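In what follows, a structure is listed as structure tokens, so that the remarks can point back to it.
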Amino acid sequence: MLEPGTAAPTFSLPNQDGDDVSLAEFDGQRVVLYFYPRANTPGCTREANGFSDHLDAFAERDVAVVGVSDDPVEALAEFDTDHDLGFTLLSDADGEVATAYESYGERTIGDETVEIAFRNTYLIGPDGEIERAYEGVSPDGHPREVLDDVDEIRAGE
């Protein structure tokens, strides 16, 4: 995991609509950048719905929520439509961005070894530095945990 205080690696990836989105577009704003293994799987759906359920609270705090997986754009579009998520999903098809965030590698699923994004999250500050890093998170309750940390950071500013 990248450590708090580290500059967040820059990126530009296609979103669920096929439009390129870069980290630079969020300059001056906090960003929850969360990596997840696969769209429309049970754990990833619970996590995404959790962020969606708290989206108004994140917006009130000027925090953007961005999900990243190695799913193709079409799968992300379907995921967004199926669950009416309302936030940006990015397709990191080759895992390059997830690798830069130390959130990509081999996992054994059943009898198969695959390259996949790990369930990690970064809270990136308005200055582009990592404020918090969450490794191997549980999809249940994680969005609330991040929101609580945002409140703690803001209280100390």
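Here, each number is a calculation from the coordinates, and none is a lab measurement. For clarity, every value in this text was computed on a predicted model and none was experimentally measured. Note: ideal-geometry Cβ built from the backbone for every residue, glycine included; neighbour counts use all protein chains shown.
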³J(HN,Hα) across the range 74-89 via Karplus (A = 6.51, B = -1.76, C = 1.60, θ = phi - 60°), whole Hz, x for Gly/Pro? 4, 5, 5, 4, 5, 4, 4, 5, 4, 10, 6, 5, x, 9, 6, 10
Largest fluctuation, 95, 28, 125 only, Gaussian network model of the chain with Cα springs under 10 angstrom, belongs to 28
Placing +1 at every Lys and Arg Cβ and -1 at every Asp and Glu Cβ, with all other atoms neutral, what dipole size does the range 1-112 have around its Cα centre, in debye to the nearest 20? 400
Length gained, residue 17-residue 3, 0.36 nm per residue minus C-alpha separation, equals 1.9 nm
Remind me, relative contact order of the chain in percent, using alpha carbon pairs under 8 angstrom and six or more residues apart? 33
Residue among 135, 106, 78 with the largest mean-square fluctuation in a Gaussian network model of the chain, springs linking Cα atoms under 10 Å: 106
Among 31, 68, 137, which one shows the biggest mean-square fluctuation in a GNM of the chain, springs joining Cα atoms closer than 10 Å? 137
